[in-house]
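Rule-based calculations on the coordinates, nothing more; no lab input. Since the structure is predicted, the reported quantities are computational estimates derived from the model, not experimental observations. Every residue, glycine among them, receives a Cβ derived from its backbone with ideal geometry; neighbour counts consider all protein chains shown.
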Amino acid sequence: MQLQYDRSRQIDSISVHIAGLASIEGPAALNERLADQRAAALRDYLVDKTGLTPNYFFIQKAKRNWNEFRKVVTEKRFEGYEEVLSIIDNETDDDTRYRLIRNLRGGSVFRYLQQEVLPSQRNASVVTIYIYKVEIPEEKEPVQETEPYIPPQIVEVTIPAEPEPVKEVEDDEIQPWIAIKTNMLFDAVLCPNLEVEVPIGWSRWSVMAEWWTPWYRWRGNGRHNRSYELLTLGAEVRYWLSKRKTETPRLLRGHFVGAYAAGGKYDIQKGGDANHEGWQGEFTSLGLTYGYSSYIGKHWRLEFSVSAGYVGGPKRKYHGMFDDGHLIWQHSNKLHYVGPTKAKVSIAYLIGKRVQKKGGQL
């Protein structure tokens, strides 16, 4: 599109109002940010082409382009279009509309919309008001040729964004639904463990559950029995600190802090000359976590974290007899500990779906 602007004419006032419009796809907050970026890019383009200063331009609040979307859906008349129109007409909340359309007919309708309709919905509209200053001759003076008076005009122009091929996000190709992890430090000391983490939507929050249970007992010649039994269950809420990307958040990636709670039971007997003496008990633990998750592949992360807090509960010392078939309790007391509680170097596999990158520039 070619812009024409006559700098020789004297302008009394001019204002340019730009409203960014976004496709219906994705969360409302993300779409509004993308639409604002498109409007800002259009403003910079017009400043460069017209020579006007930026204070002539006003960016209006971004919104989803439902009217244009409805018009295109009506024209396409694809299978299921009447159901899409019904959702648009009967639902008022943007995110509810988007969710219902996305799930319509098992997602087949939305996949068609992604290919044929949604890419055309990213544009910006500009409304310009011109008022030209002219000289009106006084009465009884000779009539002079002047430029005709031009009343105020409202000119509406729609400048679409440059065509953008839909492409994969470069190193965050998947939107993770769940991450499955194991702590390699625990694995190294024969402590089987499993962690499951789930992001909460597109927010900075996630929840994690963990389980570890080395449950071994070695029986020797009556003097060297050993027990290494430890059952632990825990959960953690995490808040991710890393900067979000414009196209899609960096879910389960970067720096994070968390708060955890855990509990379990244990039976530790070292054997040897101690002749079957060991400890049994139950414990609970509460604390805080700091960590960092690093990208190592499309589906893979390497996570480092440390935790500190409180561990407490009853513990009982025993003496085992008859190949530990009978335990004689020696004494009981309470465990109270405050300090470092966990250290992790975990490998994580992310399960999710591929996402597409939406642009925000002209």
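Taking K and R as +1 and D and E as -1, what net charge do the other residues with C-beta under 14 Å from the C-beta of LYS334 add up to? Could the numbers behind the result be given before it?
Numbers: positive: LYS315, ARG316, LYS317; negative: GLU282.
In short, +2.
The string of couplings for segment 192-208 from the Karplus curve (6.51, -1.76, 1.60, θ = phi - 60°) is x, 8, 8, 10, 10, 10, 10, x, 9, x, 9, 7, 8, 9, 8, 10, 10 Hz, one whole number per residue in order, with x for Gly and Pro.
Would you mind ranking ARG77, ARG204 by Cβ crowding within 10 Å, fewest neighbours first? Present the calculation step by step, with values, prior to reporting the outcome.
Working: ARG77 8, ARG204 18.
Ranking ARG77, ARG204 by Cβ neighbours within 10 Å, fewest first, gives ARG77, ARG204.
FRET efficiency for the ALA259 to LYS49 pair, using the beta carbon distance and R₀ = 41 Å, is estimated at 0.15. Taking label positions 7 Å along the Cα-Cβ direction at both GLU229 and TYR295, the computed distance is 4.6 nm, reported to one decimal. From least to most packed, judged by other beta carbons within 10 angstrom and beginning with the fewest, PHE110, PHE78 follow the order PHE78, PHE110.
With a Förster radius of 30 Å applied to the C-beta separation of PHE58 and ARG99, the computed FRET efficiency comes to 0.40. 5 Å is the cut-off here: which amide hydrogens, built 1.01 Å from N in the peptide plane, fall below it relative to ILE59, excluding neighbours closer than 5 in sequence? Residues meeting the amide H criterion: ILE18. Remark: segment 294-301, residue by residue, has Karplus-estimated 3J(HN,Hα) of 9, 6, 10, x, 3, 10, 10, 9 Hz, where x stands for each Gly or Pro and the curve is 6.51 cos²θ - 1.76 cosθ + 1.60 at θ = phi - 60°. Per-residue 3J(HN,Hα) values for segment 262-271, derived from phi via the Karplus relation 6.51 cos²θ - 1.76 cosθ + 1.60 with θ = phi - 60°, read 8, x, x, 9, 8, 8, 10, 9, 7, x Hz in sequence order (x marks Gly and Pro).
Principal semi-axes of the equivalent ellipsoid, √(5λ) from the alpha carbon gyration tensor of segment 38-98, are 35, 14, 7 Å from largest down. Apply the a/c threshold of 1.5 to the C-alpha gyration tensor of segment 174-355 and tell me whether it is rounded, prolate or oblate. In terms of gyration-tensor shape, prolate. List, in the order given, every pair from LYS49/LYS71; LYS181/LYS342; LYS71/LYS353 whose Cα-Cα distance in the structure shown is over 22 Å. Over 22 Å Cα-Cα: LYS49/LYS71; LYS71/LYS353.
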